[in-house]
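*Asks:* Handing you a structure now.
The values are calculated or read from the model by the stated rules, or taken from the named source; none is laboratory data. On a predicted model such as this, the values are computed, not experimentally measured, just so you know. Here the Cβ is made from the backbone with ideal geometry for all residues, glycine too, and neighbour counts use every protein chain on show.
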Ligand code: ADP
Ligand code: MG
C-alpha cells in the first residue's frame, strides 16, 4: 500500500516551471530515493509534501488524507518528519538540549500539570532524549556545544530529533551532502538500522549513488521537474535514459 501518493503536482516560481507534472507513490515501510541533477525540483517537491510550499496543481495524500492546505506543524503531527538540506539544529544549545526539544514537543498535550506530574514528565523527557542519543551513538557528546560538532554528527542529531517524534514517514534532503566518506558510511548504517528496527517509511533525496544504491528499494529520477523513470535500483543502474540524463554517460 502506498503511504504517500503524489498526483499531478506542479509548482511554478514566476516564469520557471520547477515541477511539471509529478506522480509518485511511496510504499509503506519502503525506502524510496529521489535522484536527479541540481535544479531538477527535488527540494521543491519535498517542500510541497511538508507544507512549506503549496503546489499550483495536483494532490498529495498521506495515509489517505490530503496534506494540501495544512500547516507544516499539522503535517508533522500527521506523521511526516523532515530533515532539511541545511542543518537546522540550535547551535547555541548542547546536543542534549537540542534532543530534548522534540521530546517536549511530542507531548503536545496541555501544560496544565501539577508540580509533581511535571517533575515526572521532565524525567520522562530526559530519559527519552538520553535513549535517543544512545541509539544514535551521540550520548558521549551530550554536553557538547552542538555548533562544534562534525557535519556527520549534526546530521545524526537532526535525524534523532526527527525520530523522537515517532514519524511514520521520514523525509531526508541530501543527508550526506558535504560529509566525509566515513561519516557517510555511518549515516548509511544508521538509516539501515532505523529501517530494520522501526515501522517507518523513508523518502530520501540524495546525489551520492553509493548511498542511494545501499538503501533504496525504489528510485525515482527527476529531471526538469518531471519524473523521468521510476524503477528498482538494478534497473535504474542499467537504464539508458538515466545514464544519459543523470549519470552523464
Ligand atoms: P533540486 O533540489 O533538485 O536541486 P530545487 O527544487 O531546489 O532543485 O529547485 C528547482 C528549481 O526551482 C531551480 O531552478 C531553483 O532555482 C528554483 N527554485 C527553487 N526554489 C525557488 C524559490 N523559492 N523561488 C524561485 N525559484 C526557486
Ligand atoms: Mg535540493
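*Asks:* Please tell me if residue 127 is within 16 Å of ligand 2 (Cβ to nearest atom) and surrounded by fewer than 18 Cβ atoms within 10 Å (Cβ to Cβ).
*Replies:* Considered against the rule, which asks whether it is within 16 Å of ligand 2 (Cβ to nearest atom) and surrounded by fewer than 18 Cβ atoms within 10 Å (Cβ to Cβ), residue 127 comes out as no.
*Asks:* May I pose another question? Given the condition in a loop (DSSP other than H, G, I, E, B) and modelled with pLDDT under 90, answer yes or no: does some residue in region 61-82 qualify?
*Replies:* Checking region 61-82: not a single residue is in a loop (DSSP other than H, G, I, E, B) and modelled with pLDDT under 90.
*Asks:* Considering only residues that are farther than 22 Å from residue 160 by Cβ and surrounded by fewer than 19 Cβ atoms within 10 Å (Cβ to Cβ), look in region 186-225 and name the one that is farthest from ligand 2 (Cβ to nearest atom).
*Replies:* Residue satisfying both the conditions and the ranking: 217.
*Asks:* Does region 30-42 contain any residue that is within 14 Å of the chain's Cα centre (by Cα), more than 16 Å from ligand 2 (Cβ to nearest atom), within 23 Å of residue 233 (Cα to Cα) and in a loop (DSSP other than H, G, I, E, B)?
*Replies:* For region 30-42, residues within 14 Å of the chain's Cα centre (by Cα), more than 16 Å from ligand 2 (Cβ to nearest atom), within 23 Å of residue 233 (Cα to Cα) and in a loop (DSSP other than H, G, I, E, B): present.
*Asks:* Given the structure, is residue 51 buried (at least 19 other Cβ atoms within 10 Å of the Cβ) and within 12 Å of ligand 2 (Cβ to nearest atom)?
*Replies:* No, not satisfied.
*Asks:* Being in contact (Cβ under 8 Å) with a residue 40 or more places away in the chain, in a helix (DSSP H, G or I) and farther than 25 Å from residue 204 by Cα is the filter here, so list the residues in region 126-164 that pass it.
*Replies:* 141
*Asks:* Same structure again: How many residues are crowded, with 20+ Cβ neighbours inside 10 Å and assigned to a loop (DSSP other than H, G, I, E, B) if we restrict to region 168-181?
*Replies:* Matching residues across region 168-181 total 4.
*Asks:* If the Cβ limit is 7 Å and pairs must be 6+ apart or interchain, which residue in region 26-52 that is over 15 Å from residue 170 (Cα atoms) pairs with which residue that is more than 10 Å from ligand 1 (Cβ to nearest atom) and in a loop (DSSP other than H, G, I, E, B)?
*Replies:* Sorted first by the residue in region 26-52, then by its partner, the pairs are 35/206; 35/246; 36/246; 37/246.
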